[in-house]
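The structure appears right after this line, and notes come after that.
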Amino acid sequence: MSLTYKSFRFLSLFLPLLFVFPQSTFSSSNSIQNLLQSQGLPGGLFPHDVKSFTLYPDGLLEVILDRPCLAKFDTRVYFDSVVRANLTYGKLMGMEGLSQKELFLWLPVKDIIVDDPSSGVIVFDIGVAYKQLSLSLFEDPPVCNPSDLEVLQPKIGRKEIGFEALR
């Protein structure tokens, strides 16, 4: 019975904080750099084209870009117009909206981790492997190029149109 009372007491203290400290929405790419650096991550993980971002009380970071775009770190990366991840110190976990090109495949980036900033290494979890890159690649925000998106979009031919094209 005391466990129920403790749970109720915790909830009665915690729930009002959600209304006192709502999510924070920001609109400057410089602010995203400051936020990332304050969390032990390099400031250049997101491109210059950040329109706004929101950090929710549960740690969910939602970054809004002007449009989907391609950039380059070590290899090419694709940013969707919305990128989400759980932000904790030194980590962006459970990422959605970011893919990295490896050879001829586009693989989703699942996590970005900086365990020890003094090592100079950042780790990208791309599902099938962990890719270690130099932190120096992420000092400045990358330039995102929307004109390269046609590479990712399929070409429409007769097969995609169907039998109507044969008439």
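Bear in mind that the values in this text are calculations on the coordinates, not laboratory data. In this text, all values refer to a predicted model and were calculated from it rather than measured experimentally. Quick reminder, even Gly has a Cβ in these numbers, built from the backbone with ideal geometry, and neighbours come from all protein chains shown.
By the beta-carbon count within 10 Å of each Cβ, the least crowded to most crowded order of F138, F104, fewest first, is F104, F138. Among the listed pairs K51/K131; K101/K131; K72/K110, those with a Cα-Cα distance over 20 Å are K51/K131.
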